[in-house]
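The numbers here are math on the coordinates, done by the rules we state, and not lab data. As the structure is a prediction and not an experimental result, all values here were calculated from the model. A quick note on method: Cβ atoms are made from the backbone with ideal geometry, for glycine too, and the neighbour counts reach across all protein chains shown.
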Amino acid sequence: MKKDIEIPIAKDVHVAIVHEWNEEFLSKEWNTYVLNNRTTQIDMVLIVSKGYDEERKTSTMRHAIGVVEAKSYAKIEMLQEELFALNNEFFVTYYAGNYIYENGTLQFFSTPEGYVEPKNPDNLSQGYDYIYQYTDHLGNIRLSYKNVGTASTVDLEIQEENNYYPFGLKHKGYNNVQSANRNHKYGFGGKEEQDEVGLEWLDFGARNYDSAIGRWMNLDPLAEDFSDVSPYNAMLNNPINFIDPDGRSALWVPDSEGNLIAEAGDSTQSLADYQGISYTEAAKQLEDQGYTIDNKGILSLKIGDKVELDNVFTESIDNSTGGFSTDVMMGLTPPPSGSGAGVTRGTTEDNYNCWGSACAGSQGKKIDNTVGIALPTTFDTNLTTDYTPATSANASFGKTVLRFADGGNNTQHGAVFYGKSKNGTTYVYSKNGWHAKPEVMKLSDLQTKIPSYGTVQGLTTGTSGYYDPN
């Protein structure tokens, strides 16, 4: 609801210039950094820098940094000392969740119905405009409008109307309404329009798209691995069935038993990348299960094929003969037919808990009924003495432990990172109770089904809650 929308305050993102020692050149130099002192990461960080005075000006430099984790920093550029005689400006644009800021000023943020923008970005006390958007079945933003009346006397005013040719070019010459305070540069496919230097491309993540000619303007990042299709292809030239937000090769999707299911484009290399193992080890996994390897990595693999993994996590799931799954435990599904301990309260081999299985499994140790940890404080002590803080961005398959805590940062649960699929979905190995059957599941599903676990939090407030064994 409109009344429930919280207007955020931009703070704790800074630009700093540091005089520091360069080990490579054995001299001191001036470097600029963007500092994220927030408790959450910022995304799509773009920094535009320039220097000038009354007579001189430098080139305008653009730096796309991507993600800056919470309580961390990223280098922007090196500054030559002679530039200090100029006025140096750094314009910082970033997303914090679905909020976009420019130089600390809120520009707009997305809502399920559209977006919200300040009436005057330089004076937020003047209030906000709530823009509602109509999208068609393809995700194209066709109509933006707002209520210029009251809640009881609605008076809708069109802010922008868009109509498209099949490949995304906008119709022109009619319906050129543009009443919003800013040009909300999202349209075809819901993608952001890049209007720098008049190119008018669309940002599809790993590639830019020119809707005027219906062509991708960047080489596929992995073109050399897919020589049988155009080097300017995307989604294997099949956008109906596939998406490709980051330009990487496909990544596998684990099932509840910890095995991996192939997606379009998966190969020996993507199997190795997913597990953090060598190409040779991944090839042996495939060959041992009857797959034929060619010079591209896979010949006989099809979408939906299963590759069975042999690790401490799949072993613990295989050893569990009970039917006391998370869904049964939470009453989300009825118990399987039959009766007995395996349905009502788990079996003897399942008599261990999340903290013990997370610590044992992340260290490559056998997970069984000898690894239980009774107290959350013991789990926290283990993380302090035997683990090193990590982040979600550099989590390692089968090694990184996730610590879950409530609003008071009291430990509630532990799980192990089990990879991330191509669409960004994080999977975890989780043992949801002393007698529950272990399983691999989406992190989001785990938090939805058992909200009492809280969120992934570090031992110190504001840290990520991801830990790698020493």
Relative contact order of the range 112-210 (C-alpha contacts under 8 Å, at least 6 apart) in percent is 16
Computed over the range 312-469, the relative contact order (Cα-Cα under 8 Å, seq sep at least six) in percent reads 27
Taking Cα atoms only, helix 376-386 is inclined relative to the longest principal axis of the chain by an angle, in degrees rounded to 10, of 70
Looks like the range 312-469, by Cα gyration tensor root eigenvalues a ≥ b ≥ c and the a/c under 1.5 rounded cutoff (else prolate when a/b is bigger than b/c, oblate otherwise), is prolate
From the cross-link list 28/57; 366/442; 71/185; 306/442, the entries with a Cα-Cα span beyond 21 Å are 28/57; 366/442; 71/185
Residue 449 and residue 203 label points (each 7 Å along its Cα→Cβ direction) are spaced in nm at 3.6
Row for the range 6-57, column shape: gyration tensor on C-alpha, a ≥ b ≥ c, rounded if a/c < 1.5 i.e. under 1.5, prolate if a/b over b/c, else oblate; value oblate
Mean Cβ-within-10 Å packing, highest first, puts peptides 57-68, 304-315 in the order 304-315, 57-68
So, over other residues within a Cβ distance under 14 Å of residue 451, counting Lys, Arg +1 and Asp, Glu -1, the net charge is -1
For the range 112-210, the Kirkwood Rh over every pair of distinct alpha carbons, in Å, works out to 14.8
Looks like the range 374-464, by Cα gyration tensor root eigenvalues a ≥ b ≥ c and the a/c under 1.5 rounded cutoff (else prolate when a/b is bigger than b/c, oblate otherwise), is rounded
Full extension between residue 86 and residue 332 adds, at 0.36 nm per residue less the Cα distance, a length in nm of 82.1 nm
Contour minus Cα-Cα span, residue 54 to residue 120, at 0.36 nm per residue, comes to 20.8 nm
Taking 0.36 nm per residue of separation between residue 381 and residue 311 and subtracting their Cα-Cα distance, the length gained on full extension comes to 22.6 nm
Taking r as the C-beta separation of residue 223 and residue 21 and R0 as 56 Å, the FRET efficiency to the nearest 0.05 is 0.90
With Rg from the Cα atoms and Rh as the Kirkwood inverse mean 1/r over Cα pairs, the chain has an Rg/Rh of 1.00
Note, residue 53: beta-carbon cut-off 15 Å, +1 each Lys/Arg, -1 each Asp/Glu, net -1
Given 449-455, 406-412, 121-127, 354-360, the highest-first ranking by average Cβ count within 10 Å works out to 354-360, 449-455, 406-412, 121-127
Looking only at lysines whose Cα falls under 19 Å of residue 50's and that sit 8 or more positions away or on another chain, we get 75
With residue 39 itself left out, Lys, Arg at +1 and Asp, Glu at -1 over residues whose Cβ is under 9 Å from its Cβ give +1
Distance in Å, no decimals, from the C-alpha centre of the range 70-146 to the one of the range 435-468 is 30
Cα-based Rg/(2.2 N^0.38 Å) for the range 2-97, rounded to two decimals, is 1.28
Partner lysines whose C-alpha sits under 21 Å from that of residue 302, ignoring same-chain residues fewer than 8 away, are 284, 420, 422
In degrees, nearest 10, the alpha-carbon axis of helix 279-288 is tilted away from the dominant principal axis of the alpha carbons of the chain by 50
Note on the range 344-421: the mean projected area of its alpha-carbon convex hull, in nm², is 6.5
